[in-house]
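If you scroll down you'll find the structure; I have some questions about it.
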Amino acid sequence: MVLRMSMSSKSLNSHAEASVNAQARGGVHVQMTSRMVSTAMALALCLAGGHAIAQADDAPAFDRPGIPFSTEVVQPGAFAWEQGLPDASTDRSDGQRTTEYTADTLLRLGLFQNVELQLGSDSYRWQHVGGARVRGGGDSSVGLKVALPSRSDSFHWAALGTYSVPTGSPAFSDGYARELGVTASWDLPQQRAIAVYVNYARDDDGHTWTFAPNYTFFSGDRFSSYVEAGFDTGSEHSRVAGAGGAWQLPHAMQLDVSVLRGLTSESPDWQGGIGLSIAFE
């Protein structure tokens, strides 16, 4: 799942202040809502698997890691579970350090040959603001991803529409949001590739465009690595750059690691994460 690179430094700090203010009054509600979301996603995972709950022989192209999502969809009846272990961000502003960890979950279910359903959730979030520590559930989302037709074997592209709902703690919520993104990828010689990601997001605070080029400089049978950059047109104009890699493990599993460095004072200083993805059929 895409790292929340569009979150600005100031936005991260506003979440921190809201977390401290809402912790006492929202604790019970947060726990109940988080449990409901986790239960619903677990139920969806079980129902998606149905009679075929075995791990797949071959892994699909997972959406983790990196800012762009993959241009492939999972096959009909198959599904994938992509889990942050966790993802994290840290920023220092006005003399105060804010660090946040997110257990980011994405479930992908193949509906048709070129269409998949996505259920996402910031299942749980931990935030350290100076000496204060706050935790709670995050928002959830539902999305539809379509692999678009191409006349070239070396060109692939896909579109993803997502609707986010504020299911978690008010301190960690960005409210209702709608997004539409496109990833286009070109295969290059010597196991390399170039991808371009464009995303439009609209929420209660306005709208934001995100643009991210990505260059995979090695892609082998067991390991792949890339570099990328991300640019936001939101009010804070975030700019980030980074790299990552993924290891293909037995039984259709993948272990990934990624890091992004903020290039402006409005961007979080560092973002990154470790994740595990598993495919089922």
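Please compute P(r) over all alpha-carbon pairs of region 172-281, binned at 5 Å starting from zero, and give each bin as a whole-number percent.
All Cα pairs, binned at 5 Å, distribute as 2, 10, 16, 18, 21, 16, 10, 5, 1 percent.
So if R0 is 25 Å, what FRET efficiency would Gln113 and Trp186 give, r being the distance between their Cβ atoms, rounded to the nearest 0.05?
That pair, Gln113 with Trp186, gives E of 0.65.
Counting just the Cα atoms, what span does region 124-181 cover along each of its three principal axes? Round to the nearest Å and put the largest first.
If we take the Cα atoms of region 124-181, the spans are 56, 21, 13 Å.
Laboratory data are not the source of any read-out in this text; all were calculated from the coordinates shown. All of these numbers come straight from a predicted model, not from anything done at the bench. Here the Cβ is made from the backbone with ideal geometry for all residues, glycine too, and neighbour counts use every protein chain on show.
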